[in-house]
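Asks: Shown below is the structure under consideration.
Every read-out reported here was derived from the displayed coordinates using simple, explicitly stated rules and does not represent laboratory data. Everything quoted here is computed from the prediction, not taken from an experiment. Cβ: placed from backbone, ideal geometry, glycine included. Neighbour counts: every protein chain shown.
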Amino acid sequence: EDQVTQSPEALRLQEGESSSLNCSYTVSGLRGLFWYRQDPGKGPEFLFTLYSAGEEKEKERLKATLTKKESFLHITAPKPEDSATYLCAVQAPDKLIFGTGTRLQVFP
Amino acid sequence: DTGVSQDPRHKITKRGQNVTFRCDPISEHNRLYWYRQTLGQGPEFLTYFQNEAQLEKSRLLSDRFSAERPKGSFSTLEIQRTEQGDSAMYLCASSPYEQYFGPGTRLTVT
């Protein structure tokens, strides 16, 4: 069965303190791994798609990486405005299967 | 802004009533998805359209739920005889490949 597990469930960082979020997946034939950001009461906002092991993508303070079993979202020198829930999902095959997310809080 | 829009944004209804939600996708996207999200969980897939054809339905989608996408444009999701367990955020997404989500409709069943 296709499955996505994210850790940690919650993460509190001081502004400027870099860290990584983990997304472990099992899927029969990865067609894409997606990262989204979700603010409270809003829909998920698309961040990245990764297709193959070794691929990396960057956007501002965020960098996503992919291996055959997991993906990492690295946050470098975070700011309070990076506070949100970060969701990971796999394409399987015509729908997304999401993890439960990591709630990130960045405080000054 | 030409993103995905959903209406209404909030809906409060009494148990047993019917509700209908609307989603307007990004205009050039032929795929449209409905998801449901409860507190502390990721979105769960409900159903998917390619143009006007409904191609997949989740087991989560009981007989009380029905979705349409006439003419491959906007879509509606109807819930009949609502139950308290239907309380959730209902999200619509559209794609050429990456799925872009709307702001959601928050349903509260009292």
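Asks: How large is the dipole of chain A about the Cα centre if only Lys and Arg carry +1 and Asp and Glu carry -1, each at its Cβ, rounded to the nearest 20 debye?
Replies: That gives a dipole near 60 debye.
Asks: Name the shape class, rounded, prolate or oblate, that the alpha-carbon gyration tensor gives for chain A, where a ≥ b ≥ c are the square roots of its eigenvalues, rounded holds for a/c under 1.5, and otherwise prolate holds if a/b is larger than b/c and oblate otherwise.
Replies: Note, shape of chain A comes out prolate.
Asks: What is the dipole size for the protein assembly as shown, taken about its Cα centre, with +1 at each Lys and Arg Cβ and -1 at each Asp and Glu Cβ, in debye to the nearest 20?
Replies: The calculated dipole for the protein assembly as shown is roughly 500 debye.
Asks: Are there trypsin sites (Lys or Arg not before Pro) in the range B:27-89 that DSSP marks as loop and that have at most 12 other Cβ atoms within 10 Å, and which are they?
Replies: B:Arg59, B:Arg81
Asks: Among residues other than A:Arg12 whose Cβ falls under 15 Å from its Cβ, what is the net charge (Lys/Arg +1, Asp/Glu -1)?
Replies: In short, -2.
Asks: Let me ask another. Work out how much length B:Gln41 to B:Asp7 would gain on full extension: take 0.36 nm times their residue separation and subtract the Cα-Cα distance, in nm to one decimal.
Replies: Length gained, B:Gln41 through B:Asp7: 10.0 nm.
Asks: Residue by residue through A:59-68, how many Cβ atoms from other chains fall within 10 Å of the Cβ on average?
Replies: If you average over the peptide's residues, the count of other-chain Cβ atoms is 0.
Asks: Also, I was wondering about something else. Peptide B:30-42: average number of partner chain Cβ atoms within 10 Å per residue?
Replies: Per residue, the number of nearby Cβ atoms from other chains is 3 on average.
Asks: Same structure again: Apply 1/(1 + (r/R0)^6) to the Cβ-Cβ distance of B:Lys71 and A:Phe46, taking R0 = 22 Å, and write down the FRET efficiency to the nearest 0.05.
Replies: About 0.25, to the nearest 0.05.
Asks: Which value, in debye to the nearest 20, gives the size of the charge dipole of chain B about its Cα centre, when Lys and Arg are +1 and Asp and Glu are -1 at the Cβ?
Replies: 420
Asks: Something else about it: If I take R0 = 41 Å and measure r between the Cβ atoms of B:Leu60 and A:Glu60 in this structure, what FRET efficiency does the formula 1/(1 + (r/R0)^6) give, to the nearest 0.05?
Replies: For R0 = 41 Å, the calculated efficiency reads 0.70.
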